[in-house]
Amino acid sequence: NMNMNMNMNMNISANSISDRLAGVVLLAPMLALNVAEPLRYVLKGLSFLVPTIQLISSSATSSAKQYRDADKRRECDDDDLTVSGAKLRVASAAACVNLAAETRASLSDVDIPFLCMVANEDVVVKNEGSFELMEKSPSLDKTLKQYDALHGLFCEPAPLIDQIQLDLLSWVNHRCKH
């Protein structure tokens, strides 16, 4: 279950395995979406009635809105497992919306070190969720990095991809030394 997996990943606290983790990296995290609360409940109901109908238009299915590097965009478009250009299935959209809402409600439980990397030009997720994580998390080691990038941070062309990778590796390497 996608909801359970994400919540387990985000709700790592002192009562679980946090003493064994050096930290986590969040890339353009889905902590907030542009979906009104009433629509969340409509989606949930429709997901039980017609879960597989492709009904929901979304920027999440547009590779052009997610990946700036043409070669990486083409690679994603050519992947048989990628949903591209199609509308999202009702159950998939409902799962994403519920996941974001449930995870966002637990931001104050995130007490481990984390690096949150945000794409300023993201049209898939709302970055306010990341900013709220920075505000609500009691972690004493939290870092926010913002980039003039699309949602697929690792699908940006050079030199931006080089900076993104350097920032991530530097953050991870710093925590591995301790």
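The values are calculated or read from the model by the stated rules, or taken from the named source; none is laboratory data. Just so it is clear, the model here is predicted, and its values are computed rather than measured. Cβ placement follows ideal geometry from the backbone for every residue including glycine, while neighbour counts extend to all protein chains displayed. Keep in mind that these areas ignore ligands, DNA and RNA; they rest on the heavy atoms of the full protein, side chains included. Shrake-Rupley method; radii C 1.70, N 1.55, O 1.52, S 1.80 Å.
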Report yes if some residue within the stretch 94-103 is more than 24 Å from Y41 (Cβ to Cβ) and open to solvent by 40 Å² or more (accessible area, probe 1.4 Å); otherwise report no.
no
What number of residues in the stretch 130-150 are out of contact with any Leu (no Cβ under 8 Å at 6 or more places or on another chain), open to solvent by less than 40 Å² (accessible area, probe 1.4 Å) and under 27 Å from R68 (Cα atoms)?
1
Qualifying positions in the stretch 1-20 - under 26 Å from H151 (Cα atoms) and either modelled with pLDDT of 85 or more or part of a loop (DSSP other than H, G, I, E, B) (or both)
N1, N11, I12
Give the residue that is farthest from D162 (Cα to Cα), with candidates limited to residues of the stretch 35-69 that are among the polar types (S, T, N, Q), within 20 Å of the chain's Cα centre (by Cα) and surrounded by 13 or more Cβ atoms within 10 Å (Cβ to Cβ).
S58
Taking A86, is it more than 30 Å from Q54 (Cα to Cα), among the aliphatic types (A, V, I, L, M) and not in a helix (DSSP H, G or I)?
no
Given the criterion acidic (D, E) and either assigned to a loop (DSSP other than H, G, I, E, B) or touching a helix residue (DSSP H, G or I) at 6+ places or on another chain (Cβ under 6 Å) (or both), identify the matching residue among D111, D71.
D111
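Residues are listed down the side, and each one gets a yes or a no for (1) assigned to a helix (DSSP H, G or I); (2) more than 25 Å from E75 (Cα to Cα):
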position: M117; (1), (2): no, no
position: E121; (1), (2): no, no
position: F131; (1), (2): yes, yes
position: M134; (1), (2): yes, yes
position: L140; (1), (2): no, yes
position: K145; (1), (2): no, yes
position: A158; (1), (2): no, no
Can you tell me which residues in the stretch 104-124 are closer than 28 Å to A64 by Cβ and open to solvent by less than 10 Å² (accessible area, probe 1.4 Å)?
L115, C116, M117, V118, A119
Please go through the stretch 152-164 and pick out each residue that is open to solvent by less than 50 Å² (accessible area, probe 1.4 Å), under 24 Å from P113 (Cα atoms) and modelled with pLDDT of 95 or more.
L153, I161, I164
What's the number of the condition L81 fails, among (1) over 26 Å from L21 (Cβ atoms); (2) of a type outside the set (D, E, K, R); (3) open to solvent by less than 60 Å² (accessible area, probe 1.4 Å)?
(3)
